[in-house]
Amino acid sequence: MKLPNVRNIDLRATLIYWMFAGIFLFFAILLYDDGFLQSNNLLNILRQTATITVMAVGMTFVISAAEIDLSIGGVAGLTSVVCALMLRDYGLIQGILGGLAIGLIVGSLNGLLVSRVGIPSFLVTLGMQGVAIGFAALITNYYPIPILNDTFNTLFGSGKIGWFPGLLVWSFTAVIIGWVTLTKTTFGRRVLATGGNRDAAEFNGINTKNVKFKVMLISSVVASIAGLLYAGRLQTGRYEWGAGDELSAIAAVILGGTSLFGGSGTIIGTFFGALLVGLINNGLILAGLPVSQQQIIRGMIIILAVALARKK
Amino acid sequence: MSSNFNVVEMLDISKSFFGVKVLDEVCFSVSSGEIHALAGENGAGKSTLMKILQGVYSMDSGEIRIAGKKVSIDTFQDARKHGIGMVFQEFSLVPELSVAQNIFLDREHKNRFGFFDEKVTISKSRMVMEELGLAIDVTAKVSTLGRAYQQLTEIAKAIAGDAKILILDEPTASLAKEEVDALFKVLKQLTLRGVSIVYISHRMDEIYQICDRITILRDGKKIAVSPLAEITPQEIIAHITGRKDVQMLSHEGKSVERSVVPIFEGIGICVGERVNNVSFKLYPGEILGLAGLMGSGRTELVRAIFGMDKKDEGIVSIEGKEVSIKSPRDAMSHGIAFIPEDRRRQGLVMEHSVKQNILSANLSSLSHLSFLNYTKINGVVQDAIINFEVRPAEANREVRLFSGGNQQKVVISKWMATNPKIVLMDEPTVGVDIGTKVEIMKLVRSIAAEGKSVILVSSELPELLGVCDRILVIRKGEIAEELDRREIRDEDHLQMIVQGIRI
């Protein structure tokens, strides 16, 4: 019998940490004089990746259930806009709730179309992305909506607890809740079983439609939280916020070792995957490369890393 | 009808998997224009032999001759080159392409610009169909055809590829009577053109209807080869079954109390066209066997009981109370467990560990306020591994790394952890070695000894005879016979009943 090479599997499971350590070391040596290792820069990396981290946590659930969500960037943008408008016209609480309502509405629609109507999530969310971004542009007429509420901006953006940036509290909270849910709760098991083998999950009495609905809902709600973080950090609501983030989030999830085909997921891996994306961005900027070259190198690193991390 | 030269000769073929001999110097030959039946129980070596002929497996020793010349067949392409065509059970057609496009898939006609020449493809496909005497619209999409026509298209495809030898594996399993007749007409037509056919089937009536000769395999050895005119069904069945593992066969002769309220009762269950007005009762501690040929509706019946498929009609009662079971969740809440036919596709998440698989069916009992209780989980999993002798005893090992038999033990242990009252089992010993088979049958007995009831679907008659208290014979979706175990003399007797042969 041909037994799979056990060491190979271990390497794959821990690959993200090796890649992270390797690239970190590489930049640390190469960019030492550019201040890469200064605590300010390191905190910056964490801060810049906060929104991606939050979205990637939601995306981990979606991909673990063998679905995909391409609408999260659009949801984040629409949320920032709706939140900014309602904050301006009605007040703080209304703004936050209005933003979250976007996540609930879009998530429910995605979930219903995927689980009840049976349209592949790839198509549903591809369409929904356009709807969300278009809607955000329509109601603001393409203008950014400034947010002048200090409480909001502190809460979702620039706030600090001592020296510790508030944005990091959001991303750490997302990671911890995501980790507990995926590894310690029945829901996490249901998601993984559904993604691993939907037939077998049904035979186990798992309501896989319900699971699919919930992961789509979670992803959207989490994306709307990311939208609030965009609004707070940039002190504006704008339809463009979050554009393209779905791809960064998916890259983070896959880099982290979650199988693109469902059935296995790791939140801690996703966290490091998001940090790795942020690390690469930061390093390339510090190295003084023009945007065009950054894009090329970032794309190649991601393809290479995913090729290594992918399950056969 | 057969002229006398051998198109295919397989001489002294031996093959072992992991040190287990599955073919032991088997000789098999098919002559020109002959329909040759290949019979034997599951695991007798039929499909291994045919896979060697198709280049899927390589043989350890032996020789293959095609039209008298020694050949080596290492790949599927080699087999095709030598004119060997396989009609797949799960069809190899592309549903979204037309019949004509499928027939010439991979051998497309091109015009002088290098584009597909649809006209030539269609006219040549029509010619093939005409030759076969088939009225199939070659421009229709394959997905719009019924299963029988898809199968005929598959045959047309093989013929268009110049197949001289066709292998058909249980081709009638999912066909209706008229469709079978149409298929047989085509097969006869083909033999007139000199095509030889290897016909694998469990159905005795069909074998007699269409085949010229039969080769019987048992435990990897060739037991007999004979023209069908010179052999009786009784003789064939005796060759197929042989003398069995005595321990497994011996029935304990326990008595089931049938004056109490049945634990399960189904009245008039109908599922599509496959299950028609089935009524039966199941008593506490009873093992009820469902016997029948492939495609007789056994699987559909148990799937409907478990709520996987929708029942069109019928009433189900548990412990005398009528219940509504619309999903596996409903079934589980009424204490029903289901060990499905295909453990890889339906029973397990192959990439998950033993622990995770056992957990998946027991989420509510192993958690508190939807948080998993790992102390409890580890205990249950450890118990399961010990009680069901899962080897290696590693809870965190992915199940795909276990042998078939141990995977099946994981499925069973997973369901037994739900503490069911009724256990449905669909072919629980497919693809496991004989030692594990015996273990699984012992498990079935011990499950019943705890007072649980079992419905066992199996094509392996010795299994049914070894453990069942009562056997329902299903034929064409209906209960054809209901037999107390004591009324059945031996395997041959049961085989006759399943085949519908009157004695």
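Building the convex hull from the alpha-carbon atoms of segment B:377-503 and averaging its projection over directions returns 8.9 nm².
Annotation: amide H-H contacts under 5 Å for A:T236 (H modelled 1.01 Å from N, sequence separation of 5 or more, or interchain): A:I147. A Cβ-based charge dipole, computed about the Cα centre of chain B with Lys and Arg at +1 and Asp and Glu at -1, lands at about 760 debye. Legend: P(r) of the protein assembly as shown from all alpha carbon pair distances, 20 Å bins from 0, whole percents, reading 14, 37, 33, 15, 2. Local charge for B:T153 was computed over the other residues whose Cβ lies under 12 Å away, with Lys and Arg +1 and Asp and Glu -1, and equals +1.
Model label points for A:Y17 and A:I139, set 7 angstrom from Cα along the Cα-to-Cβ axis, are 4.4 nm apart. The value obtained for chain B, namely the Cα convex hull volume divided by the number of residues, is 170 Å³ per residue. Spatial offset of segment B:361-429 relative to segment B:24-58 amounts to 38 Å, using the alpha carbon center of each.
Here segment B:246-499 carries DSSP beta bridges of which approximately 55% are antiparallel, counting only pairs with both residues inside.
Simple rule: put +1 on each Lys or Arg Cβ and -1 on each Asp or Glu Cβ in chain B, find the dipole, and look at B:T375, B:L187, B:P462; the Cα lying farthest toward the positive end is B:T375. Backbone geometry of segment A:143-160 corresponds, through the Karplus equation with coefficients 6.51, -1.76 and 1.60 at θ = phi - 60°, to 3J(HN,Hα) couplings of 7, x, 10, x, 10, 9, 7, 5, 4, 4, 5, 5, 4, 9, x, 8, x, 9 Hz, x marking Gly and Pro. Amide H contacts for B:V22 (H built 1.01 Å from N in the peptide plane; partners 5 or more residues away or on another chain; cut-off under 5 Å): B:K15, B:S16, B:F17.
Ordering B:V94, B:G43, B:F28 by Cα displacement along the dipole of segment B:1-143 toward the positive end leaves B:V94 in first place; charges were set at the Cβ atoms of Lys, Arg (+1) and Asp, Glu (-1).
What is the log10 of I(q)/I(0) for segment B:168-268, computed with the Debye formula using one identical point scatterer on each Cα and no solvent, at q = 0.18 Å⁻¹? The calculated log intensity ratios at q = 0.18 Å⁻¹ are -0.95. Dipole orientation for the protein assembly as shown: of the candidates B:A176, A:F135, B:A156, A:F135 has the Cα lying most toward the positive pole (charges on Cβ; Lys, Arg +1; Asp, Glu -1). Within the straight-line cut-off of under 18 Å between alpha carbons, the lysines reachable from B:K46 are B:K15, B:K21, B:K221, B:K222, sequence neighbours fewer than 8 places apart in one chain being disregarded. Sorted largest first, the spans of the alpha carbon positions of segment B:395-450 along the three principal axes are 31, 25, 16 Å. About its Cα centre, the dipole of segment B:246-499 is roughly 700 debye, where the only charges are +1 on Lys and Arg Cβ and -1 on Asp and Glu Cβ. Report the normalised scattering of segment B:304-391 as log10 I(q)/I(0) at q = 0.13, 0.19 Å⁻¹, calculated by the Debye formula with identical scatterers on the alpha carbons. Those come out to -0.57, -1.01, one per q.
A P(r) calculated from all alpha carbon pairs of chain A, with 10 Å bins opening at zero, reads 7, 26, 34, 24, 8, 1, 0 percent. Over segment A:166-283, the Kirkwood radius and the radius of gyration, each from Cα atoms, give a ratio Rg/Rh of 1.01.
Taking the Cα centroid of segment A:210-226 and of segment A:59-127, what is the distance between the two, rounded to the nearest whole Å? For segment A:210-226 versus segment A:59-127, the Cα centre distance is 7 Å. Helix-only arithmetic for chain A: the sum of -39500 (n - 2.57) across DSSP H runs with n ≥ 4, divided by the residue total, places the mean residue ellipticity at 222 nm at -24000 deg cm²/dmol.
Each Lys and Arg Cβ is given +1 and each Asp and Glu Cβ -1; about its Cα centre, segment A:20-309 then shows a dipole of about 540 debye. For segment B:472-480, 3J(HN,Hα) computed residue by residue from phi via the Karplus equation (6.51, -1.76, 1.60; θ = phi - 60°) reads 9, 9, 9, 9, 6, x, 10, 6, 8 Hz, glycine and proline entered as x.
Taking other C-beta atoms within 10 angstrom as a stand-in for reagent exposure, B:H82, B:H251 fall in the order B:H251, B:H82, fewest first. Note that segment A:209-215 has calculated 3J(HN,Hα) couplings of 5, 4, 4, 5, 4, 5, 5 Hz, one per residue in order, obtained from phi through the Karplus relation 6.51 cos²θ - 1.76 cosθ + 1.60 (θ = phi - 60°); glycine and proline are x.
Eigen-decomposition of the gyration tensor built on the alpha-carbon atoms of segment B:36-144 gives equivalent ellipsoid semi-axes of 32, 18, 13 angstrom, largest listed first.
Sorted into 10 angstrom bins from 0, the C-alpha pair distances of segment B:100-165 split as 22, 55, 21, 2 percent. Using the Cβ-Cβ distance between B:S14 and B:D490 with R0 = 35 Å, the FRET efficiency computed as 1/(1 + (r/R0)^6) comes to roughly 0.65.
For B:K310, which aspartates and glutamates qualify as cross-link partners when the Cα separation must be under 20 Å and same-chain residues fewer than eight apart are set aside? Result set, ordered by chain and number: A:D199, A:E202, B:E265, B:E273, B:E300, B:E322, B:D330, B:E341, B:D342, B:D426, B:E478. Rg/Rh for segment B:6-241 (Cα atoms only, Rh after Kirkwood) is 0.99.
Across all directions, the average flat footprint of the convex hull enclosing the Cα atoms of segment A:186-233 is 3.6 nm². Restricted to Cα atoms, segment B:246-499 shows a radius of gyration and a Dmax of 17.8, 55 angstrom.
Just so you know, all these numbers are worked out from the coordinates, no wet-lab data involved. What you are looking at is a predicted structure, and each value in this text was computed from that prediction instead of being measured. Virtual Cβ from ideal backbone geometry, glycine too; neighbours counted across all protein chains shown.
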